[in-house]
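One structure below.
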Amino acid sequence: MAARIQIKVLCLLTVLLFNLGCKKDSDPPNPQLDPDAFTVAIDPSITYQTIAGFGGANRMWGTQFLKPAEAQKTFSTDENGLGLSIFRVRIASNENEWPLILESVQEAQKYGAKILASPWSPPAALKSNGSDIGGYLPEENYAAFKDHINAFVKFMGENDVDIYAISIQNEPDIQVSYESCDWTSSDMADFLARYGNQIEGTKIAGPESFNFNPSFTNNILNNTDAADQLDIVAGHIYGGGLAPFPLAKQQGKEIWMTEYLLNLNTGNAGAAPWNSYSEAAKWEESLTMLETTHEAMTHNWNAYVWWYIQRYYSFIGDGEQGTSDGEILKRGFAFSHYARYVRPGYIRIAAQSNKTSELLMTAYTGDNRIVVVIINPGDVAVGNVNFTVPSVTSAEAYATTTNLNLEQRDIKVFDDRVVIGILGKSVTTVVIER
């Protein structure tokens, strides 16, 4: 009798071990896809632009720059990092100020961030009005300005900082009452044609129009000698400019959005302070920011760079308006859905839905994975969205809402797809391993 019991136990153990070896115990059954299901077909064979990165700017004036602890939170991709990969800094008109940003750029570069440097003004002595504010750069001082830029690149190189790209001027096409310089598109094209090839050791970006004015930008691209010197077509999207740039794509230029800012207008005189707004209102504006990021990607732009990284309305708190100095803020978690998971060198691929919905989706591939970023600007959750992908091995999903910060979400994984519900007023990133 005991012998028969032992044989039965051994048989049961054999069957159990066989089943465990043939199928992962975490794998759900793989039913047929309902023909009427909400599906998003991910097709890695249809490719668009290569991603250069997602970034933000240093504090440009004064002495409040990113410190090592904030740089780690900003640029690292570990569980405590936002994963930004581009760091925009100012080329001060006074070279005695250049050492002030050294620690910040050195720390950013430790995490592999690309450094983009932009001048707000040439040295005052070179300008028509002898001031850092307004005026223009006379043609006879073009060579001296080129030397100024080269001196900055050399100074950074001597301190082990590689400047990835140099802009010629921040917002050359708008007159303001702070540090600035006025350029026409013809003058900038002339400068690039004559001196662009003498700017050493860095890519050149431009023109950084304040609203990515296509006329201003295309006037430069239509000058063959100037266009030959321009590696990155860059611009801002204040009041417009978020649109395709066919001439830039035709010429094989990368397209970077290099500055944008939303802060519920709290910077305006007499405006209500940031801490008087509800978290829901702030989150609504963060979703608007994400929608512009999504749109930039669908226009085949290669990079998106926000304004200040560390500010009460931004990614990391500065101690003002109820924020704690150095804390990662809700807007930082939101932006990291792109920055942390869609890495430089990833390629945007096709993501086609079979149903009309409010969901805004883009997909990317790199490092043997597929990353899908989904924005739901609506109040209503969307259940059981099927992302069809060949040969899924595993997947994870993270969501940020007014109440969640990169919270891991339940996701069903099958051989040919992953299924997840999308929360209302949310951004979700799905990372699929293949």
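Before moving on, here are some points about what is shown:
- Per-residue Karplus couplings for region 425-434, computed as 6.51 cos²θ - 1.76 cosθ + 1.60 with θ equal to phi - 60°, are listed in order as 6, 9, 10, 10, 10, 10, 10, 10, 8, 10 Hz, Gly and Pro entered as x.
- Under 5 Å between amide hydrogens, built in the peptide plane, is the criterion, and for Arg417 it picks out Val389, Val392 among residues at least 5 positions away or on other chains.
- In order along region 221-229, the phi-based Karplus estimate (6.51 cos²θ - 1.76 cosθ + 1.60, θ = phi - 60°) of 3J(HN,Hα) comes to 5, 7, 8, 4, 5, 6, 4, 4, 8 Hz; Gly and Pro are listed as x.
- The angle between the Cα long axis of helix 279-298 and the main principal axis of the chain comes to about 80°, on a 0 to 90 degree scale.
- Summing Lys and Arg as +1 and Asp and Glu as -1 over all other residues whose Cβ lies under 13 Å from the Cβ of Ala281 gives a net charge of +1.
- Remark: region 345-360, residue by residue, has Karplus-estimated 3J(HN,Hα) of x, 5, 10, 6, 10, 6, 9, 10, 8, 8, 10, 7, 7, 7, 5, 10 Hz, where x stands for each Gly or Pro and the curve is 6.51 cos²θ - 1.76 cosθ + 1.60 at θ = phi - 60°.
- The length gained on full extension between Ala350 and Asn222, counted as 0.36 nm times the residue separation minus their Cα-Cα distance, comes to 43.0 nm.
- Rounded to 5, the percent of DSSP beta bridges in region 52-339 classed as antiparallel: 5 percent
- When each of Lys330/Lys425; Lys355/Lys412; Lys114/Lys203 is checked by Cα-Cα distance, pairs over 18 Å: Lys355/Lys412
- Relative to the dominant Cα principal axis of the chain, helix 2-22 is inclined by about 30°.
- In this structure the amide hydrogen of Lys114, modeled in the peptide plane, comes within under 5 Å of the amide hydrogens of Ile86, Phe87, none closer than 5 places in sequence on its chain.
- Relative to the current alpha-carbon distance between Asn94 and Gln408, full extension at 0.36 nm per residue lengthens the span by 108.3 nm.
- Rounded to the nearest 10 degrees, the inclination of helix 185-195 to the longest alpha-carbon principal axis of the chain is 90 degrees.
- Mean separation of Cα contacts under 8 Å, 6 or more apart, over the residue count of the chain: relative contact order %: 17 percent
- Fewest-first ordering of Leu261, Leu221 by other beta carbons within 10 Å of each residue's beta carbon gives Leu261, Leu221.
- Charge dipole (the chain, unit charges on Cβ, about Cα centre) - positive-most of Tyr136, Leu230, Ile174: Leu230
- For the peptides 305-312, 358-365, 123-130, 213-220, the ranking by packing is 305-312, 358-365, 213-220, 123-130, with the highest mean count of neighbouring Cβ atoms within 10 Å listed first.
- Here the extension length gained between His299 and Ser177 equals 40.7 nm, from 0.36 nm per residue of separation less the Cα-Cα distance.
- The modelled label-to-label distance between Glu158 and Ala125, using points 7 Å beyond Cα along the C-beta direction, is 1.7 nm.
- Total charge dipole magnitude, the chain, about the Cα centre, Cβ charges on Lys, Arg, Asp, Glu only, Debye to nearest 20: 1540 debye
- Dipole of the chain computed with +1 at Lys/Arg Cβ and -1 at Asp/Glu Cβ about the Cα centre; of Val153, Ile370, Ser426, farthest Cα towards the positive end is Ile370.
- Simple spin-label estimate for Glu433 and Leu261 gives 4.2 nm between the two label positions (7 Å along the Cα-to-Cβ direction from each Cα).
Values in this text are rule-based calculations from the coordinates and carry no lab data. As the structure is a computational prediction, the values presented were derived from the model and not from experiment. As a convention, Cβ positions derive from the backbone with ideal geometry for all residues, glycine included, and neighbour counts pool all protein chains shown.
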